[in-house]
Amino acid sequence: MLTYPRFLLPALQINNILGQTNTDQVRAALKVLPSGLADNLAMTIERIRKQHSQNQTRSRLAFLVLQWLSTVRRPITTMELQHALAARIGSEQLGAVTHPRFFVESC
């Protein structure tokens, strides 16, 4: 199962802290850590843009994953997300299915 939306805010905050590489960075990040979901999403989106500035494919995948996870009405499985991302408008066949590890690495 993927993260249910009510856990999205703490997950984003924890991910931000875990992304720091030393104690000074952790302290600095804690001081400016946004408390609202919208601000945390904005921070996450900016981080994704920066880390994938040279790789459009990874950046696009990250944003598609976040779009799906932020709009679903129920928890979805990894396989459901894979199939949702493989669906193509105007086609009855799925495109290539992406390995879930790329979801995590991209986001």
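Quick look at the numbers
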| read-out | value |
| --- | --- |
| Flag for Leu61 being surrounded by 14 or more Cβ atoms within 10 Å (Cβ to Cβ) and either modelled with pLDDT under 85 or part of a helix (DSSP H, G or I) (or both) | yes |
| Pick from region 30-41, criterion of a type in the set (A, V, I, L, M) and within 22 Å of Leu66 (Cα to Cα), ranking: surrounded by the fewest Cβ atoms within 10 Å (Cβ to Cβ) | Ala38 |
| Cross-chain or 6+ apart pairs with Cβ under 8 Å, region 43-59 first and basic (Lys, Arg), then surrounded by 10 or more Cβ atoms within 10 Å (Cβ to Cβ) and part of a helix (DSSP H, G or I) | Arg47/Asn16; Arg49/Ser59; Arg58/Phe102; Arg58/Glu105; Arg58/Ser106 |
| Residue match in region 16-28 (condition: touching a residue at least 40 places away in the same chain (Cβ under 8 Å) and of a type in the set (A, V, I, L, M)) | no |
| Scope region 56-77; condition in contact with a helix residue (DSSP H, G or I) (Cβ under 9 Å, 6 or more places away or on another chain), within 13 Å of Cys107 (Cβ to Cβ) and not small (Gly, Ala, Ser); matching residues | Arg58, Arg60, Leu61, Phe63, Leu64, Val65, Leu66, Trp68, Leu69 |
| Total residues in region 79-107, condition closer than 21 Å to Leu41 by Cβ and polar (S, T, N, Q) | 1 |
| Residue in region 88-96 that is closer than 22 Å to Ile17 by Cα, surrounded by 10 or more Cβ atoms within 10 Å (Cβ to Cβ), of a type in the set (A, V, I, L, M, F, W, C) and modelled with pLDDT under 85 present | no |
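The values are calculated or read from the model by the stated rules, or taken from the named source; none is laboratory data. Note that the structure is a prediction, hence the values are computed from the model and not measured. Reconstructed Cβ throughout: ideal geometry from the backbone, glycine too, with neighbour counts over all protein chains shown.
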